Amino acid sequence: MSTTQTPPVLAAELAQAWADIQRYHPELPDLAAPESLIGESSSACGHELSFERLLHEAVHGIAAARGIRDTSRAGRYHNRRFLAIAEELGLDHPEEPHPSSGFSLVTLNAEAKRRYRPTIERLQRALKAHTVATSADTTRTFRGPAARHGSSGGGVRVKAVCDCGRNVRVVPSVLAQAPIVCGGCGKPFRIPEVMGAA
C-alpha cells in the first residue's frame, strides 16, 4: 500500500517546498507539475532531484516571470542573467563558467541552508522514502535516482517547447500524464517531433 502512496506524497512535498520558496520570492510562478521532476535528473542543470535542484528550477521560474532569457544553446548554457537570479535565491557558483553549461552548477549557500533547513529535511525524508518504495517495486516506471550510468532514471528525455520559445527536457511519458505549463506564456510545453517512446 505504501508503494502506491509514495509518489503523490513526494509530489505534495515538492509542491510544499516550492511554496516555501515562494514565501521568500512571491514573484515565483506556481509549480505546474511537481511530478515532472520525479524520476529524472537534469543533465543541463547538473543535479538529481533535491531541494538544491528545486531552487535551481525556481531561478528559471523567476527568469520566466521577469521575461529574462537565462539560458542559451537549447537550454544547456546558463548565462550571467541566470547567475544573478541564482544569487538572489541563495545559490553560489564557481568562479568560472563551465564551457558547455555555464553557471548551471550552483550550490546552496550557508544562509539558504539555514533558511530552508526544515524544508530540506522534509524533502530529503520524502525522497528517501520514495527511492526505497520505488526501488522495491519493479513494476513501476520510476527506477530511482539517476546515479546509474548518468541516465535519466525515468526514460529518455526529449525537448518540449512552448509558444514563447522556452524549452524543457522531459520524459514523454511524464508529459503525457498532464500538461506542463510555461510560466512565461502560460501555454503547455509540447514535443515538436515524435521520438521513440521512453
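The values are calculated or read from the model by the stated rules, or taken from the named source; none is laboratory data. Computed from a prediction, not measured in an experiment: that's the story for all the values here. Backbone-built Cβ (ideal geometry, glycine too); neighbour counts: all protein chains shown. Note: areas computed on protein heavy atoms with side chains; ligands, DNA, RNA excluded. Shrake-Rupley method; radii C 1.70, N 1.55, O 1.52, S 1.80 Å.
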Of the residues in region 84-106, those that are under 25 Å from K159 (Cα atoms) and modelled with pLDDT under 95 number 10
Of the listed residues (E96, E121), the one being among the charged types (D, E, K, R), part of a loop (DSSP other than H, G, I, E, B) and surrounded by fewer than 15 Cβ atoms within 10 Å (Cβ to Cβ) is E96
Looking across region 99-117 at residues that are without any contact (Cβ under 8 Å) to a residue 24 or more places away in the chain and outside any loop (DSSP other than H, G, I, E, B), the single one that is surrounded by the most Cβ atoms within 10 Å (Cβ to Cβ) is K113
Next on the checklist: Given the criteria modelled with pLDDT of 85 or more, small (G, A, S), assigned to a helix (DSSP H, G or I) and open to solvent by less than 70 Å² (accessible area, probe 1.4 Å), does A129 qualify?
Outcome noted: no
Residues in region 49-79 that are assigned to a helix (DSSP H, G or I), within 30 Å of T131 (Cα to Cα) and not hydrophobic (A, V, I, L, M, F, W, C) total 6
